[in-house]
Amino acid sequence: MEKPAAVSSTAPREETDSQPLPPGWRSYTSPEGLKYYVNSCSKETTWRRPSLLAESPQRPLARQNSSPYANGCHGSTKTSAPTETAAVALRKPTINKQPPGSVSPAKRQIKEVKETKITINCVTFPLPGEGPEQQLLKPNEWSYCDYFWTDKKDPQGTTSVAGFEVLLQKQLKGKQMQKEMAEFIHERIKIEEEYAKNLSKLSLSPLAAQEEGTLGEAWTQLKKSLHDEAEVHLKFSNKLHSEVEKPLLTFRGDNFKKDLKKYDHHIADLRKQLASRYASVEKARKALADRQKDLEVKTQQLEIKLSNKTEEDIKKARRKSTQAGDDLMRCVDLYNQTQCKWFEEMVTTSMELEKLEVERIEWIQQHLRQYTTLRHETDMFNQSTVEPVDQLLQNVDPAKDRELWVKEHNTGEVRPVDMDI
């Protein structure tokens with residue numbers, strides 16, 4: 001049999017008293033240290049120790065409707081804890097040693113639960129200011145596992161988006177941003193390729209090809225530097241493609257979205273199970289209220305007229321009321337177990353998404369830094385292409401150019417003289 005919902009993580013233990021428990025009975029300890037007993041066959045729960053000598057009805061255990069999330073911590077129905085989660089103390093429920101089938105105490109306890117907790121979209125939360133202050137699972141880290149438990153209203157306010165769905169949307173947005181960055185780098189590559197093409201074409205231009213002397217040499221070197229610079233930019237564009245654009249495009253391919261859908265379906269299924277368990281709790285709560293009302297009516301009839309038939313009806317009504325209380329306890333227990341499972345999966349999965357986001361950012365950072373490295377290298381290579389031009393320009397000598405030109409193109413150094421009569 002599953003442990004009652006509000007019980008702490010103390011495991012069932014063998015009876016330490018001298019007298020053994022009757023067959024089918026096991027003992028447990030409540031968060032307050034009070035011992036109670038559960039019959040795995042009849043599903044009966046009681047505060048009174050069962051006896052081998054007496055078969056009298058046992059006093060049922062008061063219904064506990066405490067959520068294991070009252071202080072942001074999952075229940076104890078599982079032995080394994082969520083990955084990297086901090087241990088946070090549970091809120092201790094108020095013990096009411098009245099059976100769930102009794103009329104006024106059960107109603108009073110339901111009222112107390114409603115005043116300290118609230119259920120939103122089938123998930124139970126503590127009301128503000130109620131119980132001990134919750135501690136973050138990963139303090140000072142702004143971790144995903146601490147801030148996405150409630151659902152969020154959409155901008156129109158017509159529907160709500162689950163906190164986990166917000167995390168998934170962040171992942172999809174990150175994938176889109178990564179794709180757009182790759183497109184941006186692709187446009188940059190196209191500019192570099194076009195620029196290299198134009199530089200190479202311009203280096204072949206015949207303009208000013210007839211310039212002579214030291215200035216002509218500098219001019220020829222300048223045009224050649226355009227061809228060298230074109231090669232530099234072409235290599236830059238090729239490296240941008242292989243070392244920046246391609247990694248951005250191929251990082252987490254098509255399977256990534258499929259993996260996100262698996263996460264989404266898994267958490268969504270748990271929420272559906274939780275909604276189903278919550279519906280069962282509400283149904284059992286209503287059934288208990290109906291049985292209590294029936295018991296109260298029959299009790300009033302007994303006060304008016306005493307008869308054996310009325311007493312039998314009261315006993316029957318009391319048994320049904322007690323059974324309804326036990327059913328409610330089991331429904332609440334199943335609800336808490338399901339909420340515990342959802343809690344654990346939310347913690348582990350949200351932390352996995354957090355890890356994926358860190359990896360994405362670091363990956364993009366790495367390759368954008370590679371872009372700046374390549375850009376610096378391109379500048380250095382470009383500088384090397386103009387250094388010979390700069391050197392030749394410093395050596396330009398108008399007098400030398402004049403000498404060379406005169407030697408090649410002179411028409412004679414004999415000057416004219418006056419004519420004789």
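The values are calculated or read from the model by the stated rules, or taken from the named source; none is laboratory data. Not measured: the values here are computed from a predicted model. Reconstructed Cβ throughout: ideal geometry from the backbone, glycine too, with neighbour counts over all protein chains shown. Just the protein is used for accessible areas: all its heavy atoms, side chains included, with ligands, DNA and RNA removed. Shrake-Rupley method; radii C 1.70, N 1.55, O 1.52, S 1.80 Å.
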- [ ] Set the Förster distance to 51 Å, then compute FRET efficiency between LEU368 and VAL396 from the Cβ-Cβ distance, nearest 0.05.
- [x] 0.75
- [ ] Pop out the carbon and sulfur fraction of the accessible area of segment 199-309 as a percent, whole number, probe 1.4 Å.
- [x] 56
Task: segment 398-410 - phi-based ³J(HN,Hα) in whole Hz, Karplus 6.51/-1.76/1.60, Gly and Pro as x - done: x, 5, 4, 4, 5, 4, 5, 5, 5, 4, 7, 10, 5
TODO: Determine the per residue accessible area of segment 259-385 with all protein chains present and a 1.4 angstrom probe, expressed in square angstrom.
DONE: 57
Task: Computed magnitude of the charge dipole of segment 343-421 (debye, nearest 20; Cβ of K, R +1, Cβ of D, E -1) - done: 280
